[in-house]
Amino acid sequence: MILFGGDPHGDFRPVIRAVNTYSPQAVVLLGDFDLERSLEEELAAILDKTEVWFIHGNHDADRDHWYDNLFSSKLAHRNLHGRVVKIAGVRIAGLGGVFRAKIWRPPAAPRFPSPNDLLSICGKGERWRGGIPRKHHASIFWQHYKALWHQQADILVTHEAPSCHRYGFKELDDLAEALGVKAVFHGHHHEHYTRAIGSGKIAVHGVAKAGISDQAGRILIQGKSDAYIRQKVKS
C-alpha cells in the first residue's frame, strides 16, 4: 500500500497517524511542508515503519530555513521531482513546484526553459547563494517537465493540478498521457476530489491540506479541505 499526503503546512500528525494505522509500504507527500525543523526530525516517529518520498511545493522556497529543512534534510534523496522511481513495485513520476509567469506559465511558451537560462540574466543582487533566486527553486522549468516526457510510469504526483481542476493546466494532462499513467495525485489547492482526464482513462485525485488518501484515491484522513468535491471517475 502507498499513501499520498496533502500539503502538511507544518502539521505532520495526520501522516504519522495514518502510517501507524495503515502500515503502508510508502507514503508520498505532495509539497508545502513549512518546516521549522528538518523533515527527518518531523517524521522521526515513522521513518523505521515506512518509506517517505516527496515532491516540493511553492511554499518550500519561501524562507531560507524552510528550504534547508527540506532540500538539505537527510531525506533529500527521496525527492521525486523530475524523475521516475519504483516504489513498492509502482513506478511513480514526480513534478514539484508551480508554474510562474516569470519562468513558464502555460499556455504561454517558456520564458526561461532551464535554471541556467534564468541564471544567465540574473544580476549579482538577484542571485541566492550564487544561483537563481530562491523562490524559483520552486518554479517549474520546461527542462524538468520535458525530462519526464519520454519515460513511463504508473502514477504521476504533482503539486499543481491538471486541467480537470478550475485552476489546473492541460500541460499536466499531456504529461500524464505521455507517461502512460493510470492516476495523478496532486496537492496545492487543499481540496479532496476525484475526476478524470485523458478521455476518462486517467483518474485525478486532489488531496486536501494535511489529508491522506490511499492508492485508489479513497480518503483515509479528511484533512483541512478548502472545498470538498468528489465526482465519479468515468470508465
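Quick look at the numbers
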item	result
Some residue of segment 175-189 being free of Cβ contacts under 8 Å to residues at least 12 places away in the same chain and either touching a Lys or Arg at 6+ places or on another chain (Cβ under 7 Å) or basic (Lys, Arg) (or both)	no
Failed item, numbered, when VAL52 is tested on (1) surrounded by fewer than 22 Cβ atoms within 10 Å (Cβ to Cβ); (2) under 18 Å from the mean Cα position of the chain (by Cα); (3) assigned to a helix (DSSP H, G or I)	(3)
Some residue of segment 176-197 being part of a loop (DSSP other than H, G, I, E, B), aromatic (Phe, Trp, Tyr) and out of contact with any helix residue (DSSP H, G or I) (no Cβ under 9 Å at 6 or more places or on another chain)	no
Yes/no for ALA18 being in a helix (DSSP H, G or I) and open to solvent by less than 30 Å² (accessible area, probe 1.4 Å)	yes
Pairs with Cβ under 6 Å, 6+ apart, first in segment 27-48 and outside any loop (DSSP other than H, G, I, E, B), second surrounded by fewer than 18 Cβ atoms within 10 Å (Cβ to Cβ) and modelled with pLDDT of 95 or more	GLU40/LYS74
Given (1) modelled with pLDDT of 95 or more; (2) acidic (Asp, Glu); (3) surrounded by fewer than 21 Cβ atoms within 10 Å (Cβ to Cβ), number of the condition GLU160 does not satisfy	(3)
Top-ranked residue of segment 122-140 - restricted to ones that are within 16 Å of ALA61 (Cβ to Cβ) and in a loop (DSSP other than H, G, I, E, B), ranked as most open to solvent (accessible area, probe 1.4 Å)	ARG129
Scan of segment 60-86 for residues that are surrounded by fewer than 19 Cβ atoms within 10 Å (Cβ to Cβ) and closer than 18 Å to PRO133 by Cα, ordered by number	ASP62, ARG63, ASP64, HIS65, ASP68, PHE71, SER72
Those residues of segment 71-121 which are within 18 Å of ASN58 (Cα to Cα), basic (Lys, Arg) and assigned to a loop (DSSP other than H, G, I, E, B), in sequence order	LYS102, ARG105
Leading residue by the ranking (least open to solvent (accessible area, probe 1.4 Å)) among those in segment 205-226 that are assigned to a strand (DSSP E or B) and touching a helix residue (DSSP H, G or I) at 6+ places or on another chain (Cβ under 8 Å)	ILE212
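The values are calculated or read from the model by the stated rules, or taken from the named source; none is laboratory data. All values derive from a computational prediction rather than experimental measurement. Note: ideal-geometry Cβ built from the backbone for every residue, glycine included; neighbour counts use all protein chains shown. These accessible areas exclude ligands, DNA and RNA; they are computed on the full protein's heavy atoms, side chains included. Shrake-Rupley method; radii C 1.70, N 1.55, O 1.52, S 1.80 Å.
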